[in-house]
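Chemist: What follows is a structure written as structure tokens; I'll ask about it next.
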Amino acid sequence: IKEVISLKDKKNRRKSRKFLIEGYRFIYEAISSNAPIEKVIFSTDTDIKCQRRVIEKLGSKVNIYEVEPELFSQIAQTDTPQGVLCIVQVLEQALDTIYDNKFRGLVLDSIQDPGNAGTMIRTAHALGFNAVLATEGTVDIYNGKVLRATMGSIFYIPVLENIGIEDFFRFCEINSIRVIASQIENAKPCFNVDLTDSFCLVIGNEGNGISKCFQERATEFINIPMPGGAESFNAAVAASIMMYESNRQIYCIKC
């Protein structure tokens with residue numbers, strides 16, 4: 001129980017390289033993806049059929065505990081818990097292990113909103129991107145709100161945290177990956193830029209946009225025309241549209 005409580009704190013998550021997930025749907029995704037689940041904690045009033053299903057799928061390789069409902073409600077991260085949570089180990093990955101031919105990456109440049117970060121991870125997974133890279137200053141990827149917004153995609157696409165800028169640009173240079181940054185002004189419409197070859201799409205902070213290093217060193221800049229006159233798109237919406245535009249171009253070529 002002390003370990004569960006400690007993992008609600010970002011510092012402890014980073015130190016231990018573990019995080020919490022909660023709810024049966026999320027845990028089924030973790031099991032299906034062979035995520036390194038370490039412990040499972042059930043409330044004694046949880047759905048018995050769902051509990052048996054989890055135990056059957058995990059077998060004897062995971063430590064399983066039960067606690068009273070009152071205690072579970074204190075350690076749960078959600079307002080209406082389903083009576084199950086897991087401790088999961090972070091799957092460690094490095095830049096030099098994620099490259100693939102025709103690499104497409106999404107860069108979260110100091111994204112602050114957990115819902116935005118989680119939605120972008122989910123969309124990158126859905127649209128077949130190779131990885132999500134989060135720069136220093138981005139919200140903690142293993143924050144409970146971020147994880148829930150991914151809807152389980154966190155287990156299916158490499159997500160690298162605290163990427164150093166120099167390491168990132170070195171990775172792109174070695175592998176001939178273009179750095180395409182999103183910004184409203186002085187940029188080409190995304191449908192006028194080739195998004196079929198290797199690239200990393202940079203989405204900037206919700207309030208300040210892309211950071212200075214990307215302003216100075218990006219290969220190209222793109223935007224989404226807004227004929228309706230709104231000031232801007234939500235960051236996650238903009239990322240989704242641009243990533244989908246890449247898929248549209250790729251599938252049009254195949255057709």
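Chemist: So if I restrict to the alpha-carbon atoms in the stretch 154-223, what is the Rg, and what is Dmax, the biggest pairwise distance, in Å?
Modeler: 12.6, 36
Chemist: Please identify, among F233, F214, F103, the residue showing maximal mean-square fluctuation in a Gaussian network model of the chain using a 10 angstrom Cα cutoff.
Modeler: Top of the fluctuation ranking is F233.
Chemist: Test of understanding: in a Gaussian network model of the chain with alpha carbons linked when under 10 Å, which of G164, G115, G144 would top the mean-square fluctuation ranking?
Modeler: Top of the fluctuation ranking is G164.
Chemist: One-quarter of the Cα convex hull surface for the stretch 2-89, in nm²? Each step should come with its number before you reach the end.
Modeler: Details: hull surface 21.4 nm².
Seen from a random direction, the Cα hull of the stretch 2-89 projects 5.4 nm² on average.
Chemist: Straight distance only, please: which lysines reach the Cα of K61 with their own Cα at less than 23 Å, same-chain residues fewer than 8 apart left out?
Modeler: Answer for K61, where 23 Å is the Cα cut-off: K2, K18, K39, K49, listed by chain and number.
Chemist: How would T150, T219 line up from fewest to most surrounding beta-carbon atoms within 10 angstrom?
Modeler: Working: T150 25, T219 12.
Fewest to most other Cβ atoms nearby, the residues stand as T219, T150.
Chemist: Which value in Å is the Kirkwood Rh of the stretch 141-192 over different Cα pairs?
Modeler: Working: mean 1/r = 0.0709 Å⁻¹.
Result for the stretch 141-192, one decimal place: 14.1 Å.
Chemist: Counting DSSP beta bridges in the chain, what percent are antiparallel, to the nearest 5?
Modeler: Values: 11 of 37 bridges.
Once the DSSP bridges in the chain are tallied, antiparallel ones form about 30 percent.
Chemist: Once the Cα atoms of helix 48-58 and of the chain are each reduced to a long axis, what angle between those two axes, in degrees from 0 to 90 to the nearest 10, is obtained?
Modeler: 70 degrees
Chemist: Given springs between every Cα pair under 10 Å in a Gaussian network model of the chain, which of I184, I141, I55 has the largest fluctuation?
Modeler: In this elastic network of the chain, the residue with the biggest mean-square fluctuation among I184, I141, I55 is I55.
Chemist: Give the Kirkwood hydrodynamic radius (Å, one decimal) of the stretch 95-254, defined as one over the mean of 1/r across all pairs of different Cα atoms.
Modeler: For the stretch 95-254, inverting the mean 1/r across all distinct Cα pairs yields 15.5 Å.
Chemist: Sticking with this structure for a sec: Given the -39500 (n - 2.57) contribution per DSSP H run of 4+ residues, what per-residue ellipticity at 222 nm results for the chain, rounded to the nearest 500 deg cm²/dmol?
Modeler: Working: 11 runs with 99 residues, N = 255.
Counting only the DSSP helices, I get -11000 deg cm²/dmol.
Chemist: Okay, next question. Measure nothing but the geometry: give the 0 to 90° angle between the long axis through the Cα atoms of 114-126 and the longest principal axis through the Cα atoms of the chain, rounded to 10°.
Modeler: 80 degrees
Chemist: Moving to a separate point now. Against the longest alpha carbon principal axis of the chain, how many degrees, from 0 to 90 and to the nearest 10, is the axis of helix 235-254 turned?
Modeler: 70 degrees
Chemist: Quick one: of the DSSP bridges fully inside the stretch 2-89, what percent are antiparallel, nearest 5?
Modeler: Values: 10 of 15 bridges.
The antiparallel fraction comes to roughly 65 percent.
Chemist: Return Y99, Y65, Y142 ranked ascending by Cβ neighbour count within 10 Å, so the fewest neighbours appear first.
Modeler: Least crowded to most crowded, the residues run Y65, Y99, Y142.
Where a number appears in this text, it was derived from the coordinates with a stated rule and is not lab data. Predicted model only: the values in this text are computed from it and were never measured. As a convention, Cβ positions derive from the backbone with ideal geometry for all residues, glycine included, and neighbour counts pool all protein chains shown.
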